[in-house]
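Here the structure is laid out as structure tokens; the discussion comes afterwards.
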Amino acid sequence: MVEEIINTIEKQLDKQEWEQLKSKTWHLGIFTEPYLNYMLEKKKTIESRFSKNKIAPFEKITKDDIVFVKKSGGDIVAYFTIKEVLFFDLRNTPIEEIKEKYGKELCVDNSFWTIKKDSNYATLIVIDQIKKVKPFSIKKKGMQTWIELK
């Protein structure tokens with residue numbers, strides 16, 4: 001999977017962009033609509049991942065890492081740099097506090113908060129410089145929605 005991404009992205013970027021990108025830590029995030037579109041339109045400036053257990057990307061990502069954006073069931077369509085990342089233990093920080101402080105940038109509705117209310121952990125990823133790429137497919141197996149690539 002990593003080789004597929006490297007081979008495709010290297011051909012799409014100019015030399016300077018590629019040199020900057022290849023030195024970073026890479027992740028693959030799976031995104032659903034309408035959130036994917038909101039990100040590409042730069043309306044959604046913070047991505048979130050909520051979980052009951054400490055799973056990626058919780059405490060597995062850092063500022064300046066690269067996230068490749070894959071549409072659920074589809075192609076990789078973009079990538080972005082992480083501007084900032086915030087981790088929350090929701091047993092200590094009420095989810096309502098996150099909703100109030102970051103709700104607008106997350107671009108989620110009330111049903112999202114209802115679904116996530118039993119989560120124990122939250123990762124908020126501030127998106128910096130999202131860049132669309134010519135869509136391409138990869139062979140991804142499994143149901144993971146976040147994978148550290150390199």
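Read-outs: derived from the displayed coordinates by stated rules, not from any lab. Note that the structure is a prediction, hence the values are computed from the model and not measured. For neighbour counting, all protein chains shown are included, and Cβ atoms are generated from backbone atoms with ideal geometry for every residue, glycine included.
Calculate the spin-label point distance for K63 paired with M143, positioning each point 7 Å from the Cα along the beta-carbon direction, and give it in nanometres.
Using points 7 Å along Cα→Cβ, the separation is 3.6 nm.
Determine the principal axes of the Cα atoms in the chain, then give the extent along each, sorted from largest to smallest and rounded to whole angstroms.
45, 28, 27
Provide the per-residue ³J(HN,Hα) series for segment 89-102, in order, calculated from phi with Karplus coefficients 6.51, -1.76, 1.60 and θ = phi - 60°, each as a whole number of Hz, with x at glycine and proline positions.
8, 6, 7, 10, 10, x, 4, 4, 5, 5, 4, 5, 7, 10
If we sort 29-38, 2-11, 62-71 on the protection proxy, mean other Cβ atoms within 10 Å, highest first, what's the order?
The packing order, highest mean first, is 62-71, 29-38, 2-11.
First obtain the Kirkwood hydrodynamic radius of segment 1-44 from its Cα pairs, then insert it into the Stokes-Einstein equation at 37 °C and 0.692 mPa s, and state the resulting D in µm² per second as a whole number.
268 µm²/s
If the cut-off is a Cα-Cα distance under 22 Å, which lysines reach K134, setting aside same-chain residues fewer than 8 apart in sequence?
Candidates past the 8-residue exclusion: K11, K15, K22, K24, K42, K43, K44, K70, K71, K150.
Taking amide H positions as placed in the peptide plane 1.01 Å from N, state which residues far from F136 in sequence (5 or more) or on other chains have amide H under 5 Å from it.
Hits under the 5 Å cutoff: I76.
Quick one: 3J(HN,Hα) in Hz for segment 39-54, Karplus 6.51/-1.76/1.60 with θ = phi - 60°, rounded, Gly and Pro as x.
With coefficients 6.51, -1.76 and 1.60, one gets 5, 5, 7, 6, 7, 8, 10, 10, 9, 10, 9, 10, 7, 7, 10, 7 Hz.
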